[in-house]
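Read the figures in this text as sums done on the coordinates, not as results from a lab. Computed from a prediction, not measured in an experiment: that's the story for all the values here. Note that each Cβ is placed from the backbone with ideal geometry, even for glycine, and that neighbours are counted across all protein chains shown.
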Amino acid sequence: MSTKILMVCLGNICRSPLAEGILKGKVDTDSVLVDSAGTANYHIGKQPDPRSIAVAKKHGIDISMQRCRQFTAEDFKRFDHIFAMDKDNYANIIALAQDDREKQKVKLLLHQLPTEDQEVPDPYYGGDDGFEHVYQLIDMACEQLAEELNLKHTV
């Protein structure tokens, strides 16, 4: 593996599993490792939220085999790029960083999109339409990310 990318949200059941699945579909998974984690330990070992699984499936992506795990300081050593879904997750990740090198690995996923607050909203407490909106935001961000990191999968 030449590039290792970690997607992080709060519980690792809604946004980051979608981001993992979406990005995996846009890159060469033989040379790019994509994983996801949550900053909280609420759902360790569980599948993603059924609504995330459903919206991914609607777009031809299967995330049902993913299992939730918590972000740890060890992830700074394992991953080249760490993408947080929102500013709270970003702050929680940065708080575990040992030095500036580790801090520089962390960005908001929407950092390169012209959005107002650069945050992927948490759809957990909303309706199904929130999951579709989040899917679209993450899909745009992952498309740009794959291009930005020159990781685009060529068929």
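Per-residue HN-Hα couplings for segment 34-39, Karplus 6.51 cos²θ - 1.76 cosθ + 1.60 at θ = phi - 60°, whole Hz, x for Gly and Pro?
Per residue, the Karplus-derived 3J(HN,Hα) values read 10, 9, 9, 7, x, 7 Hz.
Figure the gain on full extension for Glu116 and Asp88 (residue separation times 0.36 nm, minus the Cα-Cα span) and round it to one decimal in nm.
Values: separation 28, 0.36 × 28 = 10.08 nm, distance 1.61 nm.
Additional length available on full extension: 8.5 nm.
Set Lys and Arg Cβ to +1 and Asp and Glu Cβ to -1, take the dipole of segment 19-77 about its Cα centre, and tell me which of Ile63, Ser36, Ala73 lies farthest positive.
Positive-end residue among those listed: Ile63.
If you rank Ser16, Ser31 by fewest surrounding Cβ atoms within 10 Å, what's the result?
Details: Ser16 33, Ser31 11.
Least crowded to most crowded, the residues run Ser31, Ser16.
Over 29 Å between Cα atoms, which of Lys24/Lys107; Lys57/Lys77; Lys58/Lys103; Lys26/Lys107 qualify?
Working: Lys24/Lys107 18 Å; Lys57/Lys77 32 Å; Lys58/Lys103 35 Å; Lys26/Lys107 19 Å.
Violating the 29 Å Cα-Cα cut-off are Lys57/Lys77; Lys58/Lys103.
Report ³J(HN,Hα) in whole Hz for each residue of segment 95-107, in order, from the Karplus equation J = 6.51 cos²θ - 1.76 cosθ + 1.60 where θ = phi - 60°; Gly and Pro get x.
Per residue, the Karplus-derived 3J(HN,Hα) values read 4, 8, 5, 8, 7, 5, 4, 5, 4, 5, 6, 9, 9 Hz.
For the chain, what does -39500 (n - 2.57) per DSSP helix run (n ≥ 4), summed and divided by total residues, give at 222 nm, in deg cm²/dmol to the nearest 500?
Working: 6 runs with 56 residues, N = 155.
Per the formula, -10500 deg cm²/dmol.
Using a 10 Å cut-off around each Cβ, can you sort Thr72, Thr39 from fewest to most neighbouring Cβ atoms?
On the way: Thr72 11, Thr39 23.
The order, fewest Cβ neighbours first, is Thr72, Thr39.
How much length would be gained if the chain were fully extended between Asp100 and Met140, taking 0.36 nm per residue of separation minus their Cα-Cα distance, in nm to one decimal?
Details: separation 40, 0.36 × 40 = 14.40 nm, distance 2.84 nm.
Here the answer is 11.6 nm.
Output wanted: per-residue J couplings in Hz (rounded whole) for segment 121-126, from phi through Karplus 6.51 cos²θ - 1.76 cosθ + 1.60, θ = phi - 60°, x for Gly and Pro.
For segment 121-126, the Karplus-derived couplings read x, 7, x, 3, 8, x Hz, x marking Gly and Pro.
Report the residue, chosen from Asp139, Asp75, Asp129, that carries the largest GNM mean-square fluctuation when the chain is represented by alpha-carbon nodes joined by springs under 10 Å.
Its mean-square fluctuation being the largest, the pick is Asp129.
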